[in-house]
Every structure is written in C-alpha cells, then in structure tokens.
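Novice: Before I ask anything, let me first share the structure, which is written out below as structure tokens.
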Amino acid sequence: MPKSHRPRHGSLGYSPRKRAKRQVARIRSWPKLGGSPKIQGFAGYKAGMTHVIMIDDRPNSLTEGMEISVPVTVIEAPPMKIMGIRIYKNDVYGKKVSQEIWVGKSENEQKIKNIEDMIAENKLSDLRILISTSPDSIPKISKKKGDLMEYGVDGGTFSEKFEYAKGLLGGNVSISDVFNEGEFTDISAITKGKGTQGPVKRWGVKIQRAKAYRSSKGRHVGTLGPWRPHRVRWTVPQLGQMGYHQRTEYNKRIICIGKNGDEVTPKGGFLKYGIVKNEYVLIKGSVPGPIKRLIRFRPATRPKKAMKESPNIVYISTESQQGV
C-alpha cells in the first residue's frame, strides 16, 4: 500500500492569526512609478458581486476576442476628502514625522514656510497625504465619521510633490483621478470574522476515523507534538481566532469605473447593502471582507504586463439577487 501524504493545510506565514487592530487596512509600502506627482491609492466600500459579459483581451488566451463571463466585485467609491499633509524625515531609528498640516489650522502658513526651508536644505525624506472617506454619502453605511488613512505621493521632485499636495489640501479627489480602467491594483482589506474555531476548520487537519474517536467518547487531540522538546510548539494546529485578519491580494484588474450607480445596482438592490448611489469601480474577481467593508487600493507593486486598452464590456448583469 502506498504511503499517504497529507500536509497540514494553512500557511504559517500568516501566523499569529490574531484579530486586526482596526477595520482600516494598513499599507506599509508604496511603489515607485515616476512621472508627474500623483496620489498612490484610493478607498471605497464593498457593495456586492455581479458578473459582466466582456470581450476577452488577454493575449494568447484560448478565448481571445470572444465574449466571456467574468465575475466582478462592485465597490462604491465616493470622492475622498484631502484632510492633511504629513512630512517625514530620517533619524537613527528610520522615518519620523517632522511636520503635519491639517485643514483649517491657523498655523499652516508658518508650517508651510518651515517645510519649504527644510526642502531647500534637503532635510526631508518622504511626503504622505491624509485622506478621509465620505461614508455619510452612502445611506447603508451607519457611521457618519469618515475613515482617515495615509497615502503616498509619487513622481517628480520633493518640491513638486509638496506643491501638488498643497494644491489638493481641503479639496476632493475621485477614483478616476487616481486609476484608469484596465489597470492592475493591489487590494487590502480586513477579512470576514469567524470567531473562535477548532483546528479542523481553522487548519484543515484530518478527523480521526470513526472507531478511534468513538472509543474515547468524542473527538480528541491525536497528538500535540513529540516528547522532546517538552512543550507544545507554535506550529501545532490548535483552536483560536479565525478571520478578521488583514489580507492583500495582488494584481486585481479594474474592469470599469463609473459615475452612475444605477448601471450596476441589481433589481431590488444588493443584498444587505441596497442601492449604489455614488461613483463605483468594478474589480475582477472577489475581494476580502464582508459587505460594507472598507477596501483600500494602491498601484500594483508586482505588476503584470499591462493591457493596452480598457476592457470592452458588452453587458453588466443587474438581475435581482432576491428573485424578484
């Protein structure tokens, strides 16, 4: 009889599997793209999924040039507000916040002058923009206070980036100002929480055969490891928190960016969400998180070969998800 081989499921690279500290995903790195200064990301709220019929434009695909059905995630992305500018400098411990400019502060003029002097002396290392979402424009999002997050600015010299950020301060930016249709993006979000789960569901371990656990009057642990070392290693699959973790999916293609939510809202609205009333974006495939979860975008850090043109969409399904 051949030797059975069944490795334990679940990557240890994501350990420890603890609950995320915030519902706003944290982005730790930004790609270097060059060109003129530009904001490196956006955010929206997950509305649901549907499917589109589009012309397959993938090179060397077996169905290239033919109509194919593609599942897409609908993300409502109303304009975001530019709330502030954060300036970093380097010290012995790495990057450290040097100056912050917030909308409506009386001391902004003096801070701007100080920053310009530091730019001339080449003392600064990085510049980020502080942006807030607008959940009050989405009826089904219960909170009224926006989610504040930090985004990088890439392109040009430091002085050009500062002038670009200064011109945006206090204004709004839309999804079409940052991304284009057909572009690849990285998606970061907090996954759906599942609470405390056992090792069978959490790690995919094999359940003992019927006679084994019947003799012990129920399920029990087969082994928690060897006698030596005389402790339970962290690699042993055990029960614990499952879900509500931050995850990033790379190279998700933007299928469509639209302004009229009626184009994608199904009859009767999305389940547990309702009607899309603001600008929206269609992402190919699924994205992490439940309905209404905040979804963050950034330019692809591991980009595939870019498509030459935006996708040719023939049909967007708006059939009812409730059978009405």
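The values are calculated or read from the model by the stated rules, or taken from the named source; none is laboratory data. The shown structure was predicted, so the numbers you read here are calculated from the model rather than taken from an experiment. Reconstructed Cβ throughout: ideal geometry from the backbone, glycine too, with neighbour counts over all protein chains shown.
Novice: State yes or no: is R302 touching a residue at least 40 places away in the same chain (Cβ under 8 Å) and exposed (fewer than 11 other Cβ atoms within 10 Å of the Cβ)?
Specialist: For R302, the condition - touching a residue at least 40 places away in the same chain (Cβ under 8 Å) and exposed (fewer than 11 other Cβ atoms within 10 Å of the Cβ) - is met.
Novice: Can you pull out every residue in segment 59-68 that is in contact (Cβ under 8 Å) with a residue 12 or more places away in the chain and either of a type in the set (S, T, Y) or under 21 Å from V287 (Cα atoms) (or both)?
Specialist: I68, the sole residue that qualifies.
Novice: Yes or no: segment 122-131 includes at least one residue that is within 25 Å of the chain's Cα centre (by Cα), under 23 Å from Q40 (Cα atoms) and among the acidic types (D, E).
Specialist: Yes - at least one qualifying residue is present in segment 122-131.
Novice: When residues of segment 167-180 are filtered for being under 22 Å from the mean Cα position of the chain (by Cα), in a helix (DSSP H, G or I) and surrounded by fewer than 18 Cβ atoms within 10 Å (Cβ to Cβ), how many remain?
Specialist: 2
Novice: If you check every pair at least six apart or on different chains, which have Cβ atoms under 7 Å apart with a residue in segment 1-13 that is part of a loop (DSSP other than H, G, I, E, B) and surrounded by fewer than 10 Cβ atoms within 10 Å (Cβ to Cβ) first and a residue that is of a type in the set (D, E, K, R) and at pLDDT 75 or above second?
Specialist: Every condition considered, the pairs that remain are R6/K206.
Novice: Give E107, E100 a once-over and let me know the one that is without any contact (Cβ under 8 Å) to a residue 12 or more places away in the chain and not small (G, A, S).
Specialist: E107
Novice: Another question, if that's okay. Exactly one condition in (1) buried (at least 16 other Cβ atoms within 10 Å of the Cβ); (2) within 20 Å of the chain's Cα centre (by Cα); (3) polar (S, T, N, Q) is not met by S286; state its number.
Specialist: Result: S286 fails condition (1) only.
Novice: Can you name the condition, by its number, that V74 falls short on among (1) under 15 Å from the mean Cα position of the chain (by Cα); (2) within 21 Å of L130 (Cα to Cα)?
Specialist: Condition not satisfied by V74: (2).
Novice: Here's a follow-up. Can you name the number of the only condition in (1) closer than 19 Å to S286 by Cβ; (2) polar (S, T, N, Q); (3) assigned by TED's automatic domain parsing to the domain that holds V276; (4) touching a residue at least 60 places away in the same chain (Cβ under 8 Å) that Q40 fails?
Specialist: Just one mismatch for Q40, condition (1).
Novice: Is it the case that some residue within segment 260-280 is in contact with a Pro (Cβ under 6 Å, 6 or more places away or on another chain) and of a type in the set (V, I, T)?
Specialist: no
Novice: Let me ask something else. When you scan segment 14-26, do you find a residue that is touching a Ser or Thr at 6+ places or on another chain (Cβ under 8 Å) and buried (at least 16 other Cβ atoms within 10 Å of the Cβ), even just one?
Specialist: Within segment 14-26, one or more residues are touching a Ser or Thr at 6+ places or on another chain (Cβ under 8 Å) and buried (at least 16 other Cβ atoms within 10 Å of the Cβ).
Novice: Would you confirm, using the coordinates I've provided, whether V70 is at pLDDT 95 or above and more than 19 Å from G289 (Cβ to Cβ)?
Specialist: So V70 fits the description; yes.
Novice: Could you list all residues from segment 147-166 that are more than 19 Å from S134 (Cα to Cα), touching a Gly at 6+ places or on another chain (Cβ under 9 Å) and of a type outside the set (D, E)?
Specialist: G152, G155, G156, K161, Y164
Novice: Collect the residues in segment 126-166 that are part of a loop (DSSP other than H, G, I, E, B), of a type in the set (S, T, Y) and touching a residue at least 24 places away in the same chain (Cβ under 8 Å), keeping them in residue-number order.
Specialist: T133, S134 - these are the residues of segment 126-166 that are part of a loop (DSSP other than H, G, I, E, B), of a type in the set (S, T, Y) and touching a residue at least 24 places away in the same chain (Cβ under 8 Å).
Novice: Are there any strands (runs of 3 or more DSSP E) wholly within segment 209-301 with 1 or more residues that are in contact with a Cys (Cβ under 9 Å, 6 or more places away or on another chain) and modelled with pLDDT of 90 or more, and if so which?
Specialist: The qualifying strands (runs of 3 or more DSSP E) are 280-284.
Novice: Has segment 106-116 got any residue that is under 20 Å from the mean Cα position of the chain (by Cα) and surrounded by fewer than 16 Cβ atoms within 10 Å (Cβ to Cβ)?
Specialist: no
Residue by residue, here is whether (1) buried (at least 16 other Cβ atoms within 10 Å of the Cβ); (2) in contact with a Lys or Arg (Cβ under 7 Å, 6 or more places away or on another chain); (3) outside the structural domain of I254 (by TED's automatic domain parsing); (4) of a type outside the set (S, T, N, Q) holds:
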{"site": "K144", "(1), (2), (3), (4)": "no, no, yes, yes"}
{"site": "S159", "(1), (2), (3), (4)": "no, no, yes, no"}
{"site": "A165", "(1), (2), (3), (4)": "yes, no, yes, yes"}
{"site": "T185", "(1), (2), (3), (4)": "yes, yes, no, no"}
{"site": "K201", "(1), (2), (3), (4)": "no, no, no, yes"}
{"site": "A212", "(1), (2), (3), (4)": "no, no, yes, yes"}
